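The values are calculated or read from the model by the stated rules, or taken from the named source; none is laboratory data. Everything numeric here is computed off the predicted structure, so don't read it as measured data. Here the Cβ is made from the backbone with ideal geometry for all residues, glycine too, and neighbour counts use every protein chain on show. Side chains are part of the model used for accessible areas, which takes the heavy atoms of the whole protein and leaves out ligands, DNA and RNA. Shrake-Rupley method; radii C 1.70, N 1.55, O 1.52, S 1.80 Å.
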Amino acid sequence: VVIVPKNSARGLDPHQGTVTLFDDETGQTIAVMNASPITAIRTAAVSALATRELARDDARALAIVGAGYQAKAHLEALVGVRPFDDIRIASRTHAKAEELAEQDPAAARGAPRRYAVLASVLCLVPAVLLMLFPGWLIDRL
């Protein structure tokens, strides 16, 4: 795994790596795959599973904080496990939130950061964003 911070500006995942599949008997390489989409799908699937199992039954408001590479996979996975009446996307830049919202115009729309604290399901993509927006969750704890 290598981290290339400038990849975000290129529309690429800043975390680059490979997943290698080996034959279990001979150890020979069978496949070398780009880790970015695998990681995005796997991470979003775990978030969706946790949401399905742990969120209140009446939780219908989703806020996704972050609009980077993994956010699209999270949006797709979360709406796949629960019906949300209200979906808000917040990002450090409003344009990135709007761009992600356009991926699912029927369900999502960009929103100011302050709406994230009103959600019944809050998804931080990545969790480090909590440090970038201090004080967001103080009233919720």
Can you tell me which residues in segment 16-37 are open to solvent by 100 Å² or more (accessible area, probe 1.4 Å) and in contact with a Phe, Trp or Tyr (Cβ under 8 Å, 6 or more places away or on another chain)?
GLN28, ILE30
Exactly one of ILE89, ILE41, ILE3 is under 20 Å from CYS123 (Cβ atoms), surrounded by fewer than 16 Cβ atoms within 10 Å (Cβ to Cβ), aliphatic (A, V, I, L, M) and free of Cβ contacts under 8 Å to residues at least 40 places away in the same chain, and that residue is ILE41
How many of the residues in segment 1-18 are of a type in the set (A, V, I, L, M) and more than 21 Å from LYS96 (Cα to Cα)?
2
Does segment 50-68 hold any residues that are closer than 29 Å to ALA35 by Cβ and open to solvent by 90 Å² or more (accessible area, probe 1.4 Å), and which are they?
ARG52, GLU53, LEU54
